[in-house]
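What follows is a short report on a single structure.
Since every read-out is calculated from the coordinates, none of them should be taken as a lab result. As the structure is a computational prediction, the values presented were derived from the model and not from experiment. A quick note on method: Cβ atoms are made from the backbone with ideal geometry, for glycine too, and the neighbour counts reach across all protein chains shown.
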Amino acid sequence: MKLGQARWIVLIALAMTSMLALGQEKRKIIIDQDAAGPAGTDQQSILLLIQSPQTEVLGITVVTGDAWLKSEVAHTLRTLELIGRTDIPVVPGAEYPLVRRKRETELWEQRFGSIAWVGAWTPRVYHPPDELGQFPEGKPTTKPSDEDAAHFLVRMVHKFPGEVTIYEGGPMTNLALAISIDPEFPKLARELIFMGASLNPQTDDPEFANTPNTDPLINLKPTPSQKATIKYFFVVAALWLLQIALGAITAHYGVEGQGFYGFNLSKYLPYTIARTWHLQIAIFWIATSWLATGLYIAPAVGGGEPKGQRLGVNILFGALVAVVGGSLAGEYLGIQQKLGNLWFWFGSQGYEYVDLGRVWQILLFGGLVFWLWLMYRALAPALKKRDENFSLLTMFVISAIAMAPRTRAR
Ligand SMILES: [Ca+2]
């Protein structure tokens, strides 16, 4: 290759990379954070967004939450000094919540039980709002912005309409103030991203405190129909193990061609059958466990069981075994070309997952309708009561109905 050619190629490649970089414009972010310091998760999440090549942080608006505003602002300024990013404005926001006072929270806790973490108001870390506390990382020399958080938020979404992502890491007081100043604020922002739940909530919230101390089911005497569901779970376990084994065998075929640890298993169990069964059985054990769980729960919710429920559960079990066994056998025979013209009805229809013959599919659907009827008659007493549990129950019934066609369909 001549030098001239190489030079052109380098130039074109450079032009293309810069065009790509232009195409991937950085996401503009405002971090709204109760930025307790030093170096806790509030500060760490700030660092992450500043460091990411995909984001451009327009500013950090601060709000009282995990700690008091003034201390949070100072810690944030110091963090930015330490990482050499004092170009990012730190904008103080709300020092107090809009609706709650400390005293109110204390009264609430007296009534409903104490909450382990109430941020700046937590008794074990409490100090007055103007005290800054310890600064092991050193005190900042830089100053916060003169603007307040709400006005900064409003100004930025007007400057970059539809472009600004608000990352919300604290109480939403600053956002509430921004909206009260300018109702257009939410429309002009691109999106709001916030933490809506915690995997490890440090709270004695009454929602959680209401959980009973003893297992409410511990004295439960299973009804005859509930006992009859036990065998379903053995079937689930067996199908599950079988599915794993077939998965392993299918994987071996993938590597060894025909064999399983060198043994030519595919003579007896061809790849297409192992694979079809593997997929099919997954659907069966999931469906079986769903049906059995529903049948078990329904009398518990209904507060007793209607006459003949046990018989219904047993009939359904028989039908289920027939469908599972029959369809798997049908697939085996169908793939071996032993079903003649009946392959479509008893073998497989050629679908991706529920690849059972049409007869088995119809039976399965019939079984699900029968199951819905069994569920309904057990739940009926509870549904008739229309007490405070009614909406939850209705949800349960609707989800049961929704499950049936999903199991039937591909
Ligand atoms: Ca936070």
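Modelled spin-label separation between LEU220 and ALA402, with each label point placed 7 Å from Cα along the Cα-to-Cβ direction: 2.3 nm. In summary, the lysines within cross-link reach of LYS143, defined as a Cα separation below 19 angstrom excluding same-chain residues under 8 places away, comprise LYS70.
Between LYS102 and LYS187, the contour length at 0.36 nm per residue exceeds the Cα-Cα span by 27.3 nm.
Under a Cβ-Cβ cut-off of 12 Å, what is the net charge of the residues other than GLY304 that fall near it, where Lys and Arg count +1 and Asp and Glu count -1? Could you put the intermediate results ahead of the total?
Working: positive: LYS221, LYS307, ARG377; negative: GLU305.
Its environment carries a net charge of +2.
Across the range 224-409, counting alpha-carbon atoms alone, Rg and Dmax equal 19.0, 64 Å.
Going down the list LYS139/LYS159; LYS26/LYS187; LYS102/LYS139; LYS102/LYS159, which pairs span over 30 Å between their C-alpha atoms? Flagged as over cut-off: LYS139/LYS159; LYS102/LYS159. Each of PHE365, PHE185 was scored by other Cβ atoms within 10 Å of its Cβ. Listed from fewest to most, they are PHE365, PHE185. Taken as Cα centroids, the range 228-297 and the range 67-132 sit 55 Å apart, rounded to the nearest whole angstrom. Can you check what the net charge comes to around THR86, using other residues whose Cβ is under 13 Å from the Cβ of THR86 (Lys, Arg +1; Asp, Glu -1)? Every neighbour counted, the sum reads +1. Taking every lysine pair in the range 224-409 that is 8 or more places apart or spans two chains, those with Cα atoms closer than 30 Å amount to 7.
Residues whose amide H falls under 5 Å from that of VAL57, counting only those 5 or more places apart or on a different chain, are ILE29, with hydrogens built in the peptide plane.
As a proxy for reagent exposure, TYR96, TYR268 were ordered by neighbouring Cβ count within 10 angstrom, fewest first; the result is TYR268, TYR96.
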